[in-house]
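The values are calculated or read from the model by the stated rules, or taken from the named source; none is laboratory data. These numbers come from a predicted model, not from an experiment. For the accessible areas, the whole protein counts, side chains as well, though only heavy atoms, and no ligand, DNA or RNA atoms are used. Shrake-Rupley method; radii C 1.70, N 1.55, O 1.52, S 1.80 Å.
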Amino acid sequence: MKKDIHPSNYREVVFKDMSNDETFITRSTIATRETIDIDGVTYPLVKLEITSSSHPFFTGKQKLVDTAGRVDKFMSRYGNRNKK
């Protein structure tokens with residue numbers, strides 16, 4: 001590995017999902033002002049509005065949109081314009 005090319009502030013950081021209070025620890029260089037204590041260790045804290053633990057697509061709570069009705073409506077309204 002080359003020396004002196006890696007960021008000096010690469011450290012463990014806690015990301016917290018504010019919608020469901022789930023936290024996870026990973027390594028990052030993100031700048032933070034807040035800290036949090038987890039198991040007696042103080043980590044920099046990054047607050048997130050949504051993560052994979054609360055996003056409807058990943059939790060299975062996403063509502064599917066019925067596009068077949070929309071396509072039929074579009075074709076009935078605009079589909080006959082080329083048949084003149």
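Given the structure, is Ser8 small (Gly, Ala, Ser), at pLDDT below 90 and open to solvent by 100 Å² or more (accessible area, probe 1.4 Å)?
Spelling it out, Ser8 is indeed small (Gly, Ala, Ser), at pLDDT below 90 and open to solvent by 100 Å² or more (accessible area, probe 1.4 Å).
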Residue match in region 60-75 (condition: open to solvent by less than 90 Å² (accessible area, probe 1.4 Å), modelled with pLDDT of 90 or more and not in a loop (DSSP other than H, G, I, E, B)): no
Residue list for region 1-28, restricted to those being over 18 Å from the mean Cα position of the chain (by Cα) and not in a strand (DSSP E or B): Met1, Lys2, Lys3, Asp4, Ile5, His6, Pro7, Ser8, Asn9, Tyr10
